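The values are calculated or read from the model by the stated rules, or taken from the named source; none is laboratory data. In this text, all values refer to a predicted model and were calculated from it rather than measured experimentally. Positions of Cβ are backbone-derived with ideal geometry, glycine not excepted, and every protein chain shown enters the neighbour counts. The accessibility values were calculated without ligands, DNA or RNA, using every heavy atom of the protein model including side chains. Shrake-Rupley method; radii C 1.70, N 1.55, O 1.52, S 1.80 Å.
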Amino acid sequence: MARLFGTDGVRGEANVTLQPEMAYRLGRAATLYFGRESEEQPLILIGRDTRLSGEMFEAAITAGICSAGGRAMLAGVIPTPAIAYLARRHKAKAGIVISASHNPYHDNGIKFFGGDGYKLPDAVEDELEAIVHQLEQDDTLARPSGDKVGHIEYRTDLLNQYVEFVLSTCSERFDGMNIVLDCANGASYEVMPKILRELGAKVKVIHALPNGVNINDHCGSTHLESLQKAVLENHADFGIAHDGDADRCLCVDEKGQVIDGDHILVMCAQDMMKKGTLPYNTVVTTVMANIGFHKAIREAGGRAEITQVGDRYVLENMLKNGYKIGGEQSGHIIFTDYSTTGDGPITALQVLSSLKRSGRKASELTALMTTYPQLLVNVKVATKDGWEENEAIRRAIEEGDQELGSDGRILVRPSGTEPLIRVMAEGPDQAQLDVICHRIADVVKKEQG
């Protein structure tokens, strides 16, 4: 049986592969699990993004919580990182976010945070999954009655609590700065314009009229074209884009150039090194970080720790070793001084603060890192097993590495969710990458297809 929890919660097409019945069971399972060590009704905080199906899943999860005797505190539409923060602030047993992040509107997902604001460990997810399966087969677990039935709290003040928290993490003001903000028609549409204007910025807001079906629709951090255009048309100093649930942040400089997660890490790490606030001068990133990132960090006198793909692995390394900044090319950036997870609004303020302290134009900070061309080929395979031990694949990768030399690299890895093996090549010559990458992909297809 496939694992219920993926890399970021339970996700699927709303009302098709992810149904409200499953949401009900997840709410019930979470209450039974988190409430078993306490006599009090466990408090579980719930937030969602702007998807049409969000209210349906919110109702189902809430019913599950109440059926097991829990207290459901509903925050409404709110960024994912806000739930991580508010769960700590309100001493909740857990936080639940209803969102499929950067996916289109017809998908949705359910992800959990513990009362400490961190994503749940695999072992806890496994225990929740076991309870869910028990509920599916024969639900004889506790059903309180009378005054022990759970109840719901609707809290319209939680959004402002998060806004106040994000503002408290920023020591700079942005008076005179002209910023374009793309809210992806998602969860940041209300909080982020308020935050930037409170700090003095002049803000042009785009894609902030959610209607349930336009979240991430050719906008936000996965579709930067309209932000780039708006920055140039408005002669703005900077552009900011979030994804649907606002745990990501990507940016655009005044020339319309993209500032991805690698660039953000370089900018903020250099600023922290100058202030003496970057422990061991170390940044944590994943195997997908561009070669240009590694060169820029080395030239600035820093070093990088490398993890497998996934922000949970980045955070795990940071917490284990006492590092303060880490993230992914996609814009999931974690500042452990402020947050327990990727936080798009906090990331945006940290980048703007670095820019303000530098006294330079954004494009000058963009130039701190040269992005090397990168080519990714997805190879559909019959099996992902055994490819690492396959002699033909190993030889093809070694030959490609030799051709690229020290100025390039090859990364081959299986997809975590699909029957694919991903072949990525990086280096200064795009034509050379194309030849090498497809040559390796052909070998992979022949051997594993």
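Only helices reaching 18 angstrom along their own axis (Cα) with mean Kyte-Doolittle hydropathy no lower than 0.5 count here, and for the DSSP H runs of the chain these are 54-67.
The residues of region 160-314 expose, per residue, 38 Å² of accessible area to a 1.4 Å probe. When the Gaussian network model of the chain links Cα atoms closer than 10 Å, the mean-square fluctuations of D147, D243, D122 top out at D147. Computed from point charges on the beta carbon alone (+1 for Lys and Arg, -1 for Asp and Glu), the dipole magnitude for region 178-328 about its Cα centre is near 520 Debye.
Grab the beta carbon distance between E399 and R197, set R0 = 60 Å, and tell me the FRET efficiency rounded to 0.05. It would help to have the intermediate numbers written out before the result.
Numbers: r = 55 Å, r/R0 = 0.92.
Taking R0 as 60 Å, the efficiency between E399 and R197 is 0.60.
Can you list the lysines whose alpha carbon sits under 18 Å from that of K194, skipping same-chain ones fewer than 8 residues off? Counting by Cα, and skipping residues close in sequence, K194 has these lysines nearby: K202, K204.
For the peptides 210-219, 123-132, the ranking by mean Cβ contacts within 10 Å, running from highest to lowest, is 210-219, 123-132.
Starting from the Cα gyration tensor of region 77-128, take the square roots of the eigenvalues, sort them a ≥ b ≥ c, and report rounded, prolate or oblate (rounded when a/c is under 1.5, otherwise prolate if a/b is larger than b/c, else oblate). It comes out oblate by the Cα gyration axes.
When semi-axes √(5λ) of the Cα gyration tensor in Å is calculated for this entry, the matching label among [x] 44, 24, 20; [y] 38, 26, 23; [z] 36, 29, 19 is [z]. When the trypsin sites (Lys or Arg not before Pro) in region 311-369 are filtered for DSSP coil states and for at most 15 other beta-carbon atoms within 10 Å of their beta-carbon, the remaining sites are R360, K361. If you take the square roots of the eigenvalues of the alpha-carbon gyration tensor of region 260-352 and sort them as a ≥ b ≥ c, do you get rounded (a/c under 1.5), prolate (a/b over b/c) or oblate? Rounded, because the longest to shortest axis ratio a/c is under 1.5. Listed by chain and number, the lysines placed with their C-alpha closer than 21 angstrom to that of K446 are K380, K384; residues fewer than eight positions away on the same chain are left out. Just the protein heavy atoms count here, and of the accessible area of the chain at 1.4 Å, carbon and sulfur take up 48 percent.
The residues of region 340-435 present an accessible area of 47 Å² per residue when probed at 1.4 Å with all protein chains retained. Each residue of region 131-185 gets 209 Å³ once the volume of the Cα convex hull is shared out per residue. If I build a Gaussian network model for the chain, linking alpha-carbon pairs within less than 10 angstrom, which residue out of I206, I98, I264 has the largest mean-square fluctuation? Largest GNM mean-square fluctuation: I206. Taking a ≥ b ≥ c as the square roots of the eigenvalues of the alpha-carbon gyration tensor, region 116-260 is classed prolate because a/c is 1.5 or more and a/b outweighs b/c.
Taken about its Cα centre, the chain carries a charge dipole of roughly 960 debye when the Cβ of each Lys and Arg holds +1 and the Cβ of each Asp and Glu holds -1. Relative to the Cα centre, the charge distribution of region 393-449, modelled as +1 at Lys and Arg Cβ and -1 at Asp and Glu Cβ, gives a dipole magnitude of about 300 debye. Per residue of the chain, the DSSP helices (runs of n ≥ 4 H) give a summed -39500 (n - 2.57) that works out to -12000 deg cm²/dmol at 222 nm. Evaluating kT/(6 pi eta Rh) at 20 °C and 1.002 mPa s, with the Kirkwood radius of region 1-120 over Cα pairs in the Stokes-Einstein relation, gives 155 µm² s⁻¹. Taking K320 as the anchor, which lysines have their alpha carbon closer than 20 Å to its alpha carbon, excluding any fewer than eight residues away along the same chain? Correct list for K320: K119. Placing unit charges on each Cβ (+1 for Lys and Arg, -1 for Asp and Glu) gives region 66-126 a dipole about its Cα centre, and among F112, P81, A123 the Cα reaching farthest toward its positive end belongs to P81.
Would you mind getting the accessible area per residue of region 40-99, heavy atoms of the protein chains only, 1.4 Å probe, in Å²? All intermediate terms of the calculation are to be shown ahead of the outcome.
Details: 1500 Å² over 60 residues.
In whole numbers, region 40-99 has 25 Å² accessible per residue.
Loop-only check: which trypsin sites (Lys or Arg not before Pro) in region 2-109 are DSSP coil with at most 14 other Cβ within 10 angstrom? Please report the intermediate quantities before stating the final value.
Details: sites: R3, R11, R25, R28, R36, R48, R51, R71, R88, R89, K91, K93; in loops: R3, R36, R51, K91, K93.
Counting only loop positions with at most 14 other Cβ atoms within 10 Å, the trypsin sites (Lys or Arg not before Pro) in region 2-109 are R3, R36, K91.
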